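Accompanying notes for the structure given below.
Since every read-out is calculated from the coordinates, none of them should be taken as a lab result. In this text the structure is predicted, and so the values were computed from the model without any measurement. Positions of Cβ are generated from backbone atoms using ideal geometry, with glycine treated the same way; all protein chains shown enter the neighbour counts.
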Amino acid sequence: LDKSKELLNRDPIQMIKQIDETYIEIVLQWTTAYTETSLCFTNNIPNRDGGTHLAGFRAGLT
């Protein structure tokens, strides 16, 4: 996703958490680009429009 972009942090920030049967993985990488690329999945199925979990993540990040 970021091969052609200038990176602000060379190593991605990765967070992994498992609670019972639920597994969560988040990977962050900042670039100098003016646009955002976010990919969301639920049970390995891409969420085309992001969903409420992406809205909550963005609210917590800003």
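Structure summary
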{"read-out": "Cα→Cβ-extended label distance, 7 Å offset, between E21 and A59, nm", "value": "2.7 nm"}
{"read-out": "Among L1, Q14, L28 the positive-end extreme of the charge dipole of the chain (Cβ point charges)", "value": "L1"}
{"read-out": "Under-5 Å amide H pairs with T31, H placed in peptide plane, nonlocal only", "value": "L8"}
{"read-out": "Over the stretch 8-62, relative contact order from alpha-carbon pairs under 8 Å, at least 6 apart, %", "value": "23 percent"}
{"read-out": "Expected 222 nm ellipticity per residue - DSSP helices of 4 or more, -39500 (n - 2.57), all of the chain, to 500", "value": "-4500 deg cm²/dmol"}
{"read-out": "Most mobile listed residue (D20, D49, D11) in the chain, GNM with C-alpha springs under 10 Å", "value": "D20"}
{"read-out": "Trypsin sites (Lys or Arg not before Pro) restricted to the chain and DSSP loop, no more than 12 other C-beta within 10 Å", "value": "K3, R10, R48"}
{"read-out": "Descending Cα extents along the principal axes, the chain, whole Å", "value": "37, 24, 23"}
